[in-house]
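Q: Sharing a structure, written as structure tokens. Questions coming.
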Amino acid sequence: MLKVILKEDVPGQGKKGDVLNVSEGFFRNFLLPKGKAVLANEIELKKLAEEKKKNQLAEDERNKKYKETKKKIEETQIEIKGKTSGKKKLFGSLTPKDIVAALSEKKIKILAKQVKFKTPIKELGEHEVEILLGKDLKANLKVRVTN
């Protein structure tokens, strides 16, 4: 058995960065020729540790920015003017692009795919929209739809 470090995900074996024990034949005939793994020597293990540390620092920085953005979003209330048929009903419904545009006016940058409606917004009034920021980080945005 050889100790190897996976350079990319290998189905049935492990994920990128995993240290595994594999047979010599599997390593020599499959993993090595396809560049999917390297032998786990001291140099490669040190590189792996440095890469994991660098990735963790980047993840921490990203989470910090997400938390700042969450705070800004939850302190903000946006107002969107909608076209109505005279009553409370809108023509159509709000889209994620409407939310992104309204937030960008407030200097908050998000992507349309981060906007999740609990229910479609088709009426005037106050509504709550969920903004997905990170793995387990969500912000609730108050949206006021007016005529």
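Q: Please identify the longest segment of the chain free of exposed trypsin sites (Lys or Arg not before Pro), where exposed means a DSSP state other than H, G, I, E or B and no more than 14 other Cβ atoms within 10 Å.
A: 35-82
Q: Another question about this same structure. I need PHE26, PHE91 ordered by Cβ neighbour count within 10 Å, fewest first.
A: Going from least to most buried by this count: PHE91, PHE26.
Q: Please compute P(r) over all alpha-carbon pairs of the range 66-146, binned at 10 Å starting from zero, and give each bin as a whole-number percent.
A: 19, 54, 22, 5, 0
Q: Per DSSP helix of 4 or more residues, -39500 (n - 2.57); summed, then divided by the residues of the chain. What does that give at 222 nm, rounded to the nearest 500?
A: That calculation yields -10500 deg cm²/dmol at 222 nm.
Q: Taking the 0 to 90 degree range and rounding to the nearest ten, how far is the long axis of helix 96-105 tilted relative to the main principal axis of the chain, both from C-alpha atoms?
A: It is inclined by approximately 80 degrees.
Q: When the Debye formula is applied to the Cα atoms of the chain, each taken as the same point scatterer, what base-10 log of I(q)/I(0) results at q = 0.12, 0.13, 0.17, 0.18 Å⁻¹?
A: These q points yield log10 I(q)/I(0) values of -0.66, -0.70, -0.89, -0.95.
Q: Helix 42-75 versus the longest principal axis of the chain: what is the Cα-based angle in degrees, 0 to 90, to the nearest 10?
A: Tilt of helix 42-75: around 10 degrees.
Q: In debye to the nearest 20, how big a dipole does the chain give about its Cα centre with +1 on each Lys and Arg Cβ and -1 on each Asp and Glu Cβ?
A: Using Cβ point charges on Lys, Arg, Asp and Glu, the chain gives about 580 debye.
Q: May I pose another question? How large, in Å, is the range 2-63 by the Kirkwood hydrodynamic radius built from its alpha-carbon pairs?
A: Numbers: mean 1/r = 0.0814 Å⁻¹.
Result for the range 2-63 stands at 12.3 Å.
Q: Of LYS7/LYS113; LYS15/LYS135; LYS87/LYS107; LYS83/LYS109, which pairs sit farther than 21 Å apart, going by alpha carbon to alpha carbon?
A: Violating the 21 Å Cα-Cα cut-off are LYS7/LYS113; LYS87/LYS107; LYS83/LYS109.
Only the coordinates and a few stated rules stand behind these numbers; no lab work does. What you are looking at is a predicted structure, and each value in this text was computed from that prediction instead of being measured. When we count neighbours, we look across all protein chains shown, and the Cβ atoms used for this are built from the backbone with ideal geometry, even at glycine.
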